[in-house]
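Asker: Below: one structure in structure tokens.
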Amino acid sequence: MIATYLFGIDVGTQGTKAALFDRQGRTRATAFRKSQLYRPAPGSVEEDPERQFKTVCQCLRACIAEADIAPAQIAAVGIDGQMAGILGVGPDGRHVTPYDSWLDTRCAPYIAMMRDRAGGEVIRKTGGPPSFNHGPKILWWKHERPEVFAQIAAFVQPAAYAVMRLCGLDATQAFVDKSYLHFSGFADNPQGTWDAGLCETFGIPPSKLPRIVDSHAVVGHVTADAARRCGLGAGTPVVAGLGDTAASFLACGATRPGVCVDVAGTASVFASTTSQFQADTAHGVLGWGQSATPGLWHPYAYINGGGMNIEWFIREVAALGKKSADQTLDRWNRLAARIEPAADDPLFLPHLGGRVSPSQPDLRGSWSGLNWSHTAAHLYRAVLEGVALEYCIYRDVLQELSPEVKIRELRITGGGENSALWNQIKADALGIPVVQIRRHEGAPLGAALLAGYGTGLFRSLDTAAADWIQTGHVVRPDRKRAGHYAARLVRYRRLLELLQEWTTKSLGTER
């Protein structure tokens, strides 16, 4: 029996999604299990790693049943997952901490610590600034939970933990793939190694950091015990996988320099593709992450919970005094689409959970410029526009650092791509076409491509991606609105400056 089917699994913030593909890229089955986020204390957002692994097994078994294929027909498995959070495992490879989510903001004081002690060096070496990511989170566990820190043999991410459980790996075999290193705080990213100097500066034992591997490397094979749980065949190869954002880039065909991507998901991510590593020490805005495609890099920045803002608006603002069932995204998109953009429209800062790019963890969201003529639809449109204006800042930094990068189009993936209004706002603000992808599996498709490449089913990711992925509808910018959005961007930048200044002063006064 020839093994030609490929599994891609995404351990995401909203839940775990699996998709099974044949060698030609046709989707044979999908499954989804919702996540459970816990908030045990102010600022904390956690998940149970054991439940995350359980949902991976459930999704695998459901897909195999739906496709009605034999486990022996599955050639390989690739798993992607949330990128900026961490969890600690003990010597046996089992978790000793909950998953400390990328949405968890308790590590904010250690962002400041890293920035003050060696922020420039962290950016130069890792390619990304200290933020709500691995470095400050590891320091939080070291200083705030020292008794737990002592039990931790290695820090990993949710996708790697699922792989470890599938393959029976202990802490000596714990790993992180290279697509995460710009979030690490302690790596020499271009060299693909841990940096002894950064570890020493912050007192982190290198022994608690996992081995670094290529995203496509086969790191293990499914054990007999895991096979019984998930329905795979014992011995099925599993590749290291990659971060969910990197998987989404791959699923959009970002396998050549110049391809830009918008991941319109829980986080709102703007990215490009280059052949050069260029640390953003001047602004601390762009993280320079390694691509799944060998030799390429993805400079990108993101809004922490940009997509969550829309859900928050529908739940907390739109539903006030009305039937919640009537408050759908389609309804609010229609209402906001009727508004003719004007200079005095309200502005919205989308940083309800703190600004990540650059790191301003105490900054919070707000509407500004309201008057009595504005309606709730104006507020909603401003929420959409806030992401587009933030993307304009990311674009400008990219073009300053890498003027050779030609931004010709923005390929979009994630749930937000279904909003025609949002796509048009982004196209108008950025002045470039927004291109939809014809298929909607997202990150699992990228993880499956990687699994096929890592096990030799595909000779190159670029060729395989070209065979599997096709672009679809193109939203072109309205050139008549270029001046409008240029003026809006000036006001938006100034509002960011003023509110950050106010935040700094007000918090300083309180202290």
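The values are calculated or read from the model by the stated rules, or taken from the named source; none is laboratory data. Note that this is a predicted model, so its numbers are computed, not measured. Cβ sites come from the backbone with ideal geometry, for glycine too, and all protein chains shown count toward neighbours. In case anyone asks, the SASA skips ligands and DNA or RNA and just uses the protein heavy atoms, side chains included. Shrake-Rupley method; radii C 1.70, N 1.55, O 1.52, S 1.80 Å.
Asker: Which residue pairs have Cβ atoms under 8 Å apart, sit 6 or more places apart or on different chains, and have a first residue in the stretch 497-509 that is closer than 19 Å to VAL356 by Cβ and free of Cβ contacts under 8 Å to residues at least 12 places away in the same chain and a second that is assigned to a helix (DSSP H, G or I) and among the hydrophobic types (A, V, I, L, M, F, W, C)?
Answerer: Going by the 8 Å Cβ cut-off, there are no qualifying pairs.
Asker: Moving on. Looking at the stretch 462-471, is at least one residue under 30 Å from GLN24 (Cα atoms), at pLDDT 95 or above, out of contact with any Asp or Glu (no Cβ under 8 Å at 6 or more places or on another chain) and aromatic (Phe, Trp, Tyr)?
Answerer: yes
Residues checked against (1) in contact (Cβ under 8 Å) with a residue 12 or more places away in the chain; (2) buried (at least 19 other Cβ atoms within 10 Å of the Cβ); (3) in contact with a Cys (Cβ under 6 Å, 6 or more places away or on another chain):
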| site | (1), (2), (3) |
| --- | --- |
| ALA451 | yes, yes, no |
| LEU457 | yes, no, no |
| GLY472 | yes, no, no |
| VAL475 | yes, yes, no |
| ALA486 | no, no, no |
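Asker: Within the group VAL269, VAL261, VAL285, which residue is in a loop (DSSP other than H, G, I, E, B), of a type in the set (A, V, I, L, M) and in contact (Cβ under 8 Å) with a residue 24 or more places away in the chain?
Answerer: Testing whether each residue is in a loop (DSSP other than H, G, I, E, B), of a type in the set (A, V, I, L, M) and in contact (Cβ under 8 Å) with a residue 24 or more places away in the chain leaves just VAL285.
Asker: Which one of these does GLN24 not meet: (1) under 23 Å from GLY454 (Cα atoms); (2) open to solvent by 20 Å² or more (accessible area, probe 1.4 Å); (3) free of Cβ contacts under 8 Å to residues at least 24 places away in the same chain?
Answerer: The single condition GLN24 does not satisfy is (3).
Asker: Also, quick follow-up: Taking only the stretch 372-427 into account, find how many residues are under 16 Å from LEU335 (Cβ atoms), open to solvent by 20 Å² or more (accessible area, probe 1.4 Å) and part of a loop (DSSP other than H, G, I, E, B).
Answerer: 3
Asker: Something else about it: For the stretch 193-211, give me each residue that is open to solvent by less than 40 Å² (accessible area, probe 1.4 Å) and without any contact (Cβ under 8 Å) to a residue 40 or more places away in the chain.
Answerer: CYS199
Asker: Name the residue, out of GLN82, GLN58, GLN36, GLN52, that is under 21 Å from ASP10 (Cα atoms), surrounded by fewer than 20 Cβ atoms within 10 Å (Cβ to Cβ) and touching a Ser or Thr at 6+ places or on another chain (Cβ under 9 Å).
Answerer: Values: GLN82 fails: surrounded by fewer than 20 Cβ atoms within 10 Å (Cβ to Cβ); GLN36 fails: touching a Ser or Thr at 6+ places or on another chain (Cβ under 9 Å); GLN52 fails: surrounded by fewer than 20 Cβ atoms within 10 Å (Cβ to Cβ).
None of the others qualify; the one that does is GLN58.
Asker: Among the residues of the stretch 109-122, is there at least one that is touching an Asp or Glu at 6+ places or on another chain (Cβ under 8 Å), at pLDDT 95 or above and either on the phi > 0 side of the Ramachandran plot or surrounded by 19 or more Cβ atoms within 10 Å (Cβ to Cβ) (or both)? Spell out how you get there, then give the answer.
Answerer: The first filter runs over the stretch 109-122 and keeps only residues touching an Asp or Glu at 6+ places or on another chain (Cβ under 8 Å), leaving none.
Within the stretch 109-122 (the criterion being touching an Asp or Glu at 6+ places or on another chain (Cβ under 8 Å), at pLDDT 95 or above and either on the phi > 0 side of the Ramachandran plot or surrounded by 19 or more Cβ atoms within 10 Å (Cβ to Cβ) (or both)), the answer is no, since none of the residues qualifies.
Asker: Does ALA234 qualify as being farther than 24 Å from ALA448 by Cβ, aliphatic (A, V, I, L, M) and either assigned to a strand (DSSP E or B) or in contact with a helix residue (DSSP H, G or I) (Cβ under 7 Å, 6 or more places away or on another chain) (or both)?
Answerer: Working: farther than 24 Å from ALA448 by Cβ: no; aliphatic (A, V, I, L, M): yes; either assigned to a strand (DSSP E or B) or in contact with a helix residue (DSSP H, G or I) (Cβ under 7 Å, 6 or more places away or on another chain) (or both): yes.
No; evaluated as a whole, the condition is false for this residue.
Asker: Additional query: Any residue at all in the stretch 305-327 that's out of contact with any Gly (no Cβ under 6 Å at 6 or more places or on another chain), among the polar types (S, T, N, Q) and either within 28 Å of PRO130 (Cβ to Cβ) or open to solvent by less than 20 Å² (accessible area, probe 1.4 Å) (or both)?
Answerer: So far as the stretch 305-327 goes, yes, one or more of its residues are out of contact with any Gly (no Cβ under 6 Å at 6 or more places or on another chain), among the polar types (S, T, N, Q) and either within 28 Å of PRO130 (Cβ to Cβ) or open to solvent by less than 20 Å² (accessible area, probe 1.4 Å) (or both).
Asker: Evaluate the following for SER207: is it more than 27 Å from GLU66 (Cβ to Cβ) and in a loop (DSSP other than H, G, I, E, B)?
Answerer: no
Asker: Name the pairs: first residue in the stretch 306-325 and at pLDDT 90 or above, second residue of a type in the set (Val, Ile, Thr) and open to solvent by 20 Å² or more (accessible area, probe 1.4 Å), Cβ to Cβ under 7 Å, at least 6 apart or on different chains?
Answerer: GLY307/THR266; MET308/THR266
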